[in-house]
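The values are calculated or read from the model by the stated rules, or taken from the named source; none is laboratory data. It should be emphasised that the depicted structure is a prediction, and the values quoted were computed from it without experimental measurement. Cβ: placed from backbone, ideal geometry, glycine included. Neighbour counts: every protein chain shown. Protein only, heavy atoms only, side chains kept; ligands, DNA and RNA dropped before computing areas. Shrake-Rupley method; radii C 1.70, N 1.55, O 1.52, S 1.80 Å.
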Amino acid sequence: ANAFLAQRVSSINSISELCEATGANVDEVARAVGKDSRIGSKFLKASVGFGGSCFQKDILNLVYIARSYNLHEVADYWEQVILLNDHQKTRFAERIIRTMYNTVNGKHIAFLGWAFKKDTNDSRESAAIYVADHLLEEEAQIVVYDPKVPAEQIYRDLDALGTRSPEDNRRLLQVVESPSLALQDAHAVAVLTEWDEFRTYDWALVKQQMKRPAFVFDGRKLLNRKDLEVLGFQYYAIGE
C-alpha cells in the first residue's frame, strides 16, 4: 500500500516538471485527474517530495524481493519511484540556485520547516535534509525554523549524510526558535513543511525584513502566489 501511495506522489511530481516546462499548472492537472472516480484525488498534491520512514523503506523492500526472484524489470519500475522523488528534491534545490543568479554562496536562505510533514517532529527522510545538503555544498547560509523539530535532531540528520564535517554543518546552518529570527535579512525563503502557521504570517512585514529582491520558494504549494506577488516577492511554486 505504501508503495502504491508513493507511486502516486512521484507520478504527480513528474507531471509538475512537465507543467513548468509547458506553462501549465499542476494543480489544475491534479484536479482534473482526481475527478476520475477510478483514480480519486488523494496523494495527488505536487511537492518537493515525500519523506518519512515508511514509503522509501517499503519500496526498497519491494525492490529487494523482486530482485531476489530475478524480476529485474519489476524492481526497476519500483526503484524509479524513489529516483523520481530524489530528482524532485535536487530539482527544487537547483531551482533555488538558478533563480538566485546561479549562486547561493554566502546568501542567507530561511528554511520554514524541517519535519517531513506537518504536526510531527519526525524528520526521517525529510526533503528538507537533502535540499539543505545540496545548498550547503554551494556554501549557502541556511537558517532553519521548525516549530517541533529540535536543533540537535536537525544537526543529527545532516551529520548522518557524511557530506561535510559536523563543524562545517554548524558553521553553515543555524537553527532558531522563532520565524522572525530565520527571516530577518534573508535573501530567500524556502517552505519545506506544510505547517499551517506559515500561512498566517504577516508576509508584508516579512518582506520588509528581507533583502531585496525577496524570493519565496514554496516546496509545499502552501502560500498564495497572487498575494505574495502583490507584495513584491519573487515567488516560485512547484508545477507552476
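Here are a few things to note about the model shown:
- The one condition from (1) more than 19 Å from the chain's Cα centre (by Cα); (2) part of a helix (DSSP H, G or I); (3) closer than 26 Å to N102 by Cβ that R164 does not meet is (2).
- Test: I142 is in contact with a Ser or Thr (Cβ under 8 Å, 6 or more places away or on another chain) and either more than 27 Å from E240 (Cα to Cα) or touching a residue at least 24 places away in the same chain (Cβ under 8 Å) (or both): no
- Any chance V9 is over 27 Å from D157 (Cα atoms) and in contact (Cβ under 8 Å) with a residue 40 or more places away in the chain: no
- Subset of the range 50-75 that is outside any helix (DSSP H, G or I) and under 26 Å from R91 (Cα atoms) - its residue that is most open to solvent (accessible area, probe 1.4 Å): C54
- Number of the exception - I65 against (1) within 20 Å of the chain's Cα centre (by Cα); (2) over 14 Å from Y130 (Cα atoms): (1)
- Exclusive hit being under 23 Å from E137 (Cα atoms), acidic (D, E) and assigned to a loop (DSSP other than H, G, I, E, B), set D159, D185: D185
- Counting the residues of the range 30-47 that are free of Cβ contacts under 8 Å to residues at least 60 places away in the same chain and open to solvent by less than 70 Å² (accessible area, probe 1.4 Å) gives 7.
- Residue within the range 210-219 that is part of a helix (DSSP H, G or I), modelled with pLDDT of 95 or more and open to solvent by 20 Å² or more (accessible area, probe 1.4 Å) present: no
- G162 falls short on exactly one of the conditions (1) surrounded by 20 or more Cβ atoms within 10 Å (Cβ to Cβ); (2) under 19 Å from K89 (Cα atoms), and that condition is (1).
- Answer residue from the range 79-127, given it is hydroxyl-bearing (S, T, Y) and not in a loop (DSSP other than H, G, I, E, B) and is most open to solvent (accessible area, probe 1.4 Å) among those: T90
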